[in-house]
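What follows is a single structure, written as structure tokens, with notes after it.
The values are calculated or read from the model by the stated rules, or taken from the named source; none is laboratory data. Keep in mind that what you see is a predicted model, and the values were worked out from it rather than measured. Every residue, glycine as well, gets a Cβ built from its backbone with ideal geometry; the counts of neighbours run over all protein chains shown.
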């Protein structure tokens, strides 16, 4: 009976190790798939912005320098993208941000043919292209350019280095030699870690993972030999949202089971077997509790995040402000609060549509985040077009400086707002309030009320300004317009 129990315990222990590793591998695959989805979304937004800048008229070759300047400015905002290019309807390269283009005539590429024969403006990702001059593989994503009459007008492309994904995957490898690959749904390798240049662009053999993807499954794990090395590996996959792609994350089964094998070989004699079983059960329960805590923490994090902007949401604000209030009151540290409102945002939505309005809020949110760098500072979507910034250990003067930096950064986005009553670009009004404990308020809600009143004064005072105890700061000269939408 004891031997049978021991065998059962060991078999179950091995199964649990594989299950745990499979769960971790699936989590890794989902994280990498989210990173890929975010990257291609950024490429999509960049090409949409470039399309808006180009307008409806087909540019001439004489306008090439102006187009390439716009491309260079866009790339500064999206460092994940290597280059942007515009190919006219015949396939010839008209403009590019790259000094040495890998392709000068795209008419024979699958991507060009797909966009020419298709309709709509969705992002299409083509097969990787090897840039001989730069000595690197690049992933090419494209948008169809459609003329006002509906005819094909060429394509806009954004390239991303294959090694960009490989470098990111390297951070997930860990001590167990984890491998990762980004594949198209038909098995073309876009990137992988470890990076093997000869494999990029090659098609992997049909596998259970690809068949699962074709069946519509979005994630999973299995144990099978690697199609490249033949070694037995624990494999997990996750589909990339918005693209016909999959991320595969694998761990060598031998490395996963190494701790279990070591324990099996060095197991104590029968006399200590019962104790070992008890300890093993305890460890398994602890692991289950830890996994449950991780899952619960993930759900809590999800419930505190705004789906559109990626900022913390109102629920987090209701906890963050009182917590910051208590901590700063105990330490006698100043606490500042900024309330930010996108000026004339209803008019923006009425003019350009809610989808473009969502894009505007995403860009404004990113601009605000870039201006707030403190470890304990929090940027929160308060509601609608309002954003709150909680600034512990931040004086009145410093809060006003941060607010003015945010205001200027939003103006410098140069998002066109033709119906704004303020100026021709999207702007924000900001109200700032600071608790310095010299004449303390009664509660954190009073600080919020003061920031709201300051925001109200900023709006009735003309908008596009910061109102704080230190005074009002006004707008700088207008930058050139950045068009993200048209009537």
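When the range 381-399 is limited to residues that are out of contact with any helix residue (DSSP H, G or I) (no Cβ under 8 Å at 6 or more places or on another chain) and surrounded by fewer than 24 Cβ atoms within 10 Å (Cβ to Cβ), the one that is farthest from residue 333 (Cα to Cα) turns out to be 386.
Among the residues that make up the range 402-409, is at least one of them in contact (Cβ under 8 Å) with a residue 40 or more places away in the chain and over 22 Å from residue 456 (Cα atoms)?
So the first thing to find is which residues in the range 402-409 are in contact (Cβ under 8 Å) with a residue 40 or more places away in the chain, and the list is 402-404, 406-409.
Now drop any that are not over 22 Å from residue 456 (Cα atoms), which leaves none.
The answer is no; no qualifying residue exists.
A single entry from 211, 192, 215, 233 fulfils the requirement of being closer than 15 Å to residue 29 by Cα and at pLDDT 85 or above: 192.
Do we have residue 165 as modelled with pLDDT of 85 or more and closer than 19 Å to residue 33 by Cα here? It would help to see each step written out before you state the result.
Working: modelled with pLDDT of 85 or more: yes; closer than 19 Å to residue 33 by Cα: yes.
Yes.
Among the residues here, residue 80 does not qualify as free of Cβ contacts under 8 Å to residues at least 40 places away in the same chain, surrounded by 17 or more Cβ atoms within 10 Å (Cβ to Cβ) and in contact with a strand residue (DSSP E or B) (Cβ under 9 Å, 6 or more places away or on another chain).
Would you confirm, using the coordinates I've provided, whether residue 101 is assigned to a strand (DSSP E or B) and free of Cβ contacts under 8 Å to residues at least 40 places away in the same chain? Break it down stepwise before answering.
Details: assigned to a strand (DSSP E or B): no; free of Cβ contacts under 8 Å to residues at least 40 places away in the same chain: yes.
No.
Summed over the range 248-259, the residues that are modelled with pLDDT under 70 and touching a helix residue (DSSP H, G or I) at 6+ places or on another chain (Cβ under 7 Å) give a count of 0. Scanning the range 134-151 for residues that are touching a residue at least 60 places away in the same chain (Cβ under 8 Å) and in a strand (DSSP E or B) yields 137, 141, 142, 143, 145.
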